[in-house]
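Single-structure report; data block below.
The values are calculated or read from the model by the stated rules, or taken from the named source; none is laboratory data. Not measured: the values here are computed from a predicted model. Glycine gets a Cβ as well: all are built from the backbone with ideal geometry, and neighbour counts include every protein chain shown.
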Amino acid sequence: MLSLGGDAYTEGGFTSASLATTGAEKTWAQFGPAQPNSGALRPFGTAVLDGFDFDFEANTQNMAVFANRLRTLMAASSSKPYYLSAAPQCPFPDWYNKDIIDNVPLDFVNVQFYNNGCGASSYVPGAPDQWNFNFNQWDDWARGASKNPAVKVLLGVPSNTGAGRGYLSPTALQPVITFSAKFASFGGVMMWDASQAGQNPGFISSVKSFLQTLRKREMRWGARKAGE
(Lines give C-alpha, C1' and ligand atoms only; values in the text may rest on other atoms or scores of the structure.)
Protein backbone atom coordinates (compact mmCIF):
# COMPACT_ATOMS: atom_id res chain seq x y z
CA MET A 1 0.00 0.00 0.00
CA LEU A 2 1.04 3.57 -0.58
CA SER A 3 0.76 5.90 2.41
CA LEU A 4 -0.14 9.48 1.57
CA GLY A 5 0.59 12.48 3.79
CA GLY A 6 2.85 12.13 6.81
CA ASP A 7 3.92 14.51 9.53
CA ALA A 8 5.83 16.75 7.09
CA TYR A 9 2.97 17.17 4.60
CA THR A 10 1.81 20.80 4.45
CA GLU A 11 0.29 21.21 0.97
CA GLY A 12 -3.26 21.13 2.26
CA GLY A 13 -4.93 18.61 -0.03
CA PHE A 14 -7.01 20.03 -2.91
CA THR A 15 -8.60 23.44 -3.29
CA SER A 16 -11.71 22.02 -4.98
CA ALA A 17 -13.64 18.78 -5.28
CA SER A 18 -12.98 18.63 -9.01
CA LEU A 19 -9.23 18.85 -8.48
CA ALA A 20 -9.48 16.11 -5.83
CA THR A 21 -11.33 13.87 -8.29
CA THR A 22 -8.74 14.51 -10.98
CA GLY A 23 -5.96 13.85 -8.48
CA ALA A 24 -7.47 10.49 -7.54
CA GLU A 25 -7.75 9.49 -11.20
CA LYS A 26 -4.10 10.40 -11.81
CA THR A 27 -3.03 8.47 -8.71
CA TRP A 28 -4.99 5.43 -9.87
CA ALA A 29 -3.39 5.65 -13.31
CA GLN A 30 0.04 5.71 -11.69
CA PHE A 31 -0.42 2.94 -9.13
CA GLY A 32 -3.50 0.95 -10.12
CA PRO A 33 -3.77 -1.44 -13.07
CA ALA A 34 -1.93 -0.12 -16.14
CA GLN A 35 -4.37 1.61 -18.46
CA PRO A 36 -4.10 1.17 -22.25
CA ASN A 37 -2.65 4.16 -24.09
CA SER A 38 -2.10 6.00 -20.81
CA GLY A 39 0.84 8.36 -20.59
CA ALA A 40 0.84 8.29 -16.78
CA LEU A 41 4.21 8.02 -15.10
CA ARG A 42 4.33 4.66 -13.27
CA PRO A 43 7.15 4.69 -10.68
CA PHE A 44 6.76 0.94 -10.05
CA GLY A 45 6.26 -0.07 -13.66
CA THR A 46 3.61 -2.75 -14.12
CA ALA A 47 3.35 -3.46 -10.37
CA VAL A 48 -0.15 -2.77 -9.02
CA LEU A 49 -0.50 -1.58 -5.44
CA ASP A 50 -3.03 -3.11 -3.06
CA GLY A 51 -4.41 0.22 -1.91
CA PHE A 52 -3.78 3.52 -0.20
CA ASP A 53 -3.36 4.71 3.38
CA PHE A 54 -4.06 8.25 4.60
CA ASP A 55 -1.84 9.73 7.31
CA PHE A 56 -2.44 13.46 7.55
CA GLU A 57 -1.06 15.44 10.47
CA ALA A 58 -1.98 18.89 9.20
CA ASN A 59 -5.18 20.48 7.87
CA THR A 60 -6.30 19.28 4.43
CA GLN A 61 -9.22 19.94 2.11
CA ASN A 62 -11.30 17.63 -0.09
CA MET A 63 -9.42 14.48 0.87
CA ALA A 64 -12.65 12.53 1.40
CA VAL A 65 -13.59 13.37 -2.21
CA PHE A 66 -10.16 12.12 -3.30
CA ALA A 67 -10.49 8.91 -1.26
CA ASN A 68 -14.04 8.16 -2.38
CA ARG A 69 -13.07 8.56 -6.01
CA LEU A 70 -10.29 6.04 -5.43
CA ARG A 71 -12.84 3.72 -3.81
CA THR A 72 -15.07 3.98 -6.88
CA LEU A 73 -12.16 3.21 -9.22
CA MET A 74 -11.14 0.25 -7.05
CA ALA A 75 -14.66 -1.15 -7.05
CA ALA A 76 -14.76 -0.99 -10.86
CA SER A 77 -11.61 -3.13 -11.14
CA SER A 78 -11.95 -6.90 -10.85
CA SER A 79 -8.22 -7.64 -10.95
CA LYS A 80 -7.88 -8.18 -7.16
CA PRO A 81 -9.11 -6.79 -3.83
CA TYR A 82 -8.06 -3.24 -2.99
CA TYR A 83 -7.98 -1.49 0.37
CA LEU A 84 -8.23 1.98 1.87
CA SER A 85 -6.97 2.74 5.35
CA ALA A 86 -6.09 5.69 7.55
CA ALA A 87 -3.56 6.23 10.34
CA PRO A 88 -5.15 8.67 12.80
CA GLN A 89 -3.67 9.55 16.15
CA CYS A 90 -5.57 8.12 19.10
CA PRO A 91 -7.33 11.26 20.45
CA PHE A 92 -10.91 10.96 19.22
CA PRO A 93 -11.84 12.47 16.89
CA ASP A 94 -8.58 12.91 15.00
CA TRP A 95 -9.21 16.34 13.50
CA TYR A 96 -6.68 16.09 10.67
CA ASN A 97 -8.19 12.84 9.33
CA LYS A 98 -11.77 13.49 10.46
CA ASP A 99 -13.12 14.23 6.97
CA ILE A 100 -11.80 10.91 5.67
CA ILE A 101 -12.83 8.92 8.74
CA ASP A 102 -16.35 10.37 8.75
CA ASN A 103 -17.05 10.10 5.02
CA VAL A 104 -15.01 7.27 3.48
CA PRO A 105 -15.73 3.51 3.78
CA LEU A 106 -12.30 2.50 5.08
CA ASP A 107 -11.25 -1.13 5.40
CA PHE A 108 -9.15 -0.55 8.50
CA VAL A 109 -7.62 2.22 10.61
CA ASN A 110 -4.06 2.06 11.96
CA VAL A 111 -4.69 4.10 15.09
CA GLN A 112 -1.51 5.58 16.53
CA PHE A 113 -1.83 4.60 20.18
CA TYR A 114 1.39 6.37 21.12
CA ASN A 115 2.77 9.90 21.55
CA ASN A 116 -0.48 10.79 23.35
CA GLY A 117 -2.08 10.23 26.74
CA CYS A 118 -4.60 7.87 25.15
CA GLY A 119 -1.79 5.55 24.03
CA ALA A 120 -1.21 1.90 24.89
CA SER A 121 1.25 2.85 27.62
CA SER A 122 -1.67 4.41 29.55
CA TYR A 123 -3.42 1.04 29.83
CA VAL A 124 -4.12 0.13 33.46
CA PRO A 125 -3.78 -3.64 33.97
CA GLY A 126 -6.87 -5.26 35.42
CA ALA A 127 -9.12 -2.20 35.12
CA PRO A 128 -12.34 -3.08 33.27
CA ASP A 129 -12.79 0.58 32.33
CA GLN A 130 -9.78 2.49 31.08
CA TRP A 131 -9.49 6.17 31.97
CA ASN A 132 -7.03 7.22 29.27
CA PHE A 133 -6.33 4.35 26.86
CA ASN A 134 -9.28 4.75 24.49
CA PHE A 135 -9.59 1.73 22.21
CA ASN A 136 -13.26 1.69 23.28
CA GLN A 137 -13.90 5.05 21.60
CA TRP A 138 -12.50 3.79 18.31
CA ASP A 139 -14.57 0.63 18.64
CA ASP A 140 -17.71 2.72 19.19
CA TRP A 141 -16.92 4.67 16.03
CA ALA A 142 -16.23 1.47 14.06
CA ARG A 143 -19.50 -0.17 15.02
CA GLY A 144 -21.74 2.89 15.05
CA ALA A 145 -20.43 5.66 12.81
CA SER A 146 -18.04 4.24 10.22
CA LYS A 147 -19.17 4.24 6.60
CA ASN A 148 -17.98 0.62 6.56
CA PRO A 149 -19.59 -1.33 9.45
CA ALA A 150 -16.99 -4.07 8.98
CA VAL A 151 -14.01 -1.71 9.42
CA LYS A 152 -11.21 -3.01 11.64
CA VAL A 153 -9.22 -1.04 14.22
CA LEU A 154 -5.53 -1.88 14.55
CA LEU A 155 -3.62 -1.21 17.75
CA GLY A 156 -0.76 1.01 16.57
CA VAL A 157 2.35 0.85 18.78
CA PRO A 158 6.01 1.93 18.58
CA SER A 159 8.25 -0.97 17.59
CA ASN A 160 11.26 0.37 19.50
CA THR A 161 12.16 3.06 22.01
CA GLY A 162 13.19 5.43 19.22
CA ALA A 163 9.95 5.06 17.28
CA GLY A 164 7.74 7.16 19.54
CA ARG A 165 6.75 7.90 23.12
CA GLY A 166 5.05 5.03 24.89
CA TYR A 167 7.08 2.02 23.75
CA LEU A 168 6.10 -1.22 25.48
CA SER A 169 8.07 -4.45 25.40
CA PRO A 170 6.28 -7.49 23.96
CA THR A 171 5.62 -8.74 27.49
CA ALA A 172 4.18 -5.42 28.64
CA LEU A 173 2.14 -5.17 25.44
CA GLN A 174 0.41 -8.53 25.89
CA PRO A 175 -2.28 -7.39 28.37
CA VAL A 176 -3.04 -4.37 26.18
CA ILE A 177 -3.57 -6.66 23.19
CA THR A 178 -5.72 -9.03 25.27
CA PHE A 179 -7.90 -6.13 26.41
CA SER A 180 -8.19 -4.66 22.89
CA ALA A 181 -9.03 -8.04 21.36
CA LYS A 182 -12.25 -8.12 23.37
CA PHE A 183 -13.68 -5.43 21.12
CA ALA A 184 -15.48 -6.57 17.98
CA SER A 185 -13.57 -4.19 15.72
CA PHE A 186 -10.08 -5.33 16.79
CA GLY A 187 -8.06 -6.23 13.71
CA GLY A 188 -4.51 -6.73 14.95
CA VAL A 189 -1.41 -4.69 15.68
CA MET A 190 0.26 -2.00 13.59
CA MET A 191 3.91 -1.21 14.32
CA TRP A 192 5.78 2.03 13.64
CA ASP A 193 8.05 1.55 11.92
CA ALA A 194 9.85 -1.23 10.00
CA SER A 195 13.32 0.34 10.41
CA GLN A 196 12.89 0.60 14.19
CA ALA A 197 11.53 -2.94 14.40
CA GLY A 198 14.58 -4.17 12.51
CA GLN A 199 16.75 -2.78 15.29
CA ASN A 200 14.64 -4.50 17.95
CA PRO A 201 15.13 -8.24 17.36
CA GLY A 202 12.25 -10.42 18.48
CA PHE A 203 9.63 -7.66 18.75
CA ILE A 204 7.64 -8.56 15.64
CA SER A 205 7.90 -12.31 16.14
CA SER A 206 6.87 -12.06 19.81
CA VAL A 207 3.81 -9.95 19.07
CA LYS A 208 2.84 -12.18 16.15
CA SER A 209 3.19 -15.29 18.28
CA PHE A 210 0.96 -13.80 20.99
CA LEU A 211 -1.69 -12.83 18.42
CA GLN A 212 -1.65 -16.39 17.09
CA THR A 213 -2.08 -17.73 20.63
CA LEU A 214 -5.05 -15.42 21.17
CA ARG A 215 -6.57 -16.55 17.89
CA LYS A 216 -6.26 -20.23 18.80
CA ARG A 217 -7.78 -19.52 22.20
CA GLU A 218 -10.76 -17.79 20.56
CA MET A 219 -11.23 -20.70 18.16
CA ARG A 220 -11.24 -23.21 21.03
CA TRP A 221 -13.73 -21.05 22.93
CA GLY A 222 -15.93 -20.79 19.86
CA ALA A 223 -15.82 -24.56 19.39
CA ARG A 224 -16.86 -25.12 23.01
CA LYS A 225 -19.73 -22.64 22.68
CA ALA A 226 -20.93 -24.40 19.51
CA GLY A 227 -20.91 -27.73 21.34
CA GLU A 228 -23.05 -26.60 24.24
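Numbers for the structure displayed
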{"item": "Unmet criterion (only one of (1) surrounded by fewer than 18 Cβ atoms within 10 Å (Cβ to Cβ); (2) assigned to a helix (DSSP H, G or I)) for Leu41", "result": "(2)"}
{"item": "Residue tally, condition assigned to a strand (DSSP E or B) and more than 23 Å from Ser159 (Cβ to Cβ), over segment 80-105", "result": "1"}
{"item": "Candidate set: segment 71-92, residues that are free of Cβ contacts under 8 Å to residues at least 12 places away in the same chain and of a type outside the set (A, V, I, L, M, F, W, C); chosen: the one surrounded by the most Cβ atoms within 10 Å (Cβ to Cβ)", "result": "Thr72"}
{"item": "Qualifying residues in segment 51-64 (those that are in contact with a strand residue (DSSP E or B) (Cβ under 9 Å, 6 or more places away or on another chain) and among the aliphatic types (A, V, I, L, M)) - the one modelled with the highest pLDDT", "result": "Met63"}
{"item": "Set Asn103, Asn110, Asn59: member being buried (at least 19 other Cβ atoms within 10 Å of the Cβ) and under 28 Å from Thr22 (Cα atoms)", "result": "Asn110"}
{"item": "Identity of the residue in segment 14-38, β-branched (Val, Ile, Thr), assigned to a helix (DSSP H, G or I) and in contact (Cβ under 8 Å) with a residue 12 or more places away in the chain, that ends up nearest to Pro81 (Cα to Cα)", "result": "Thr27"}
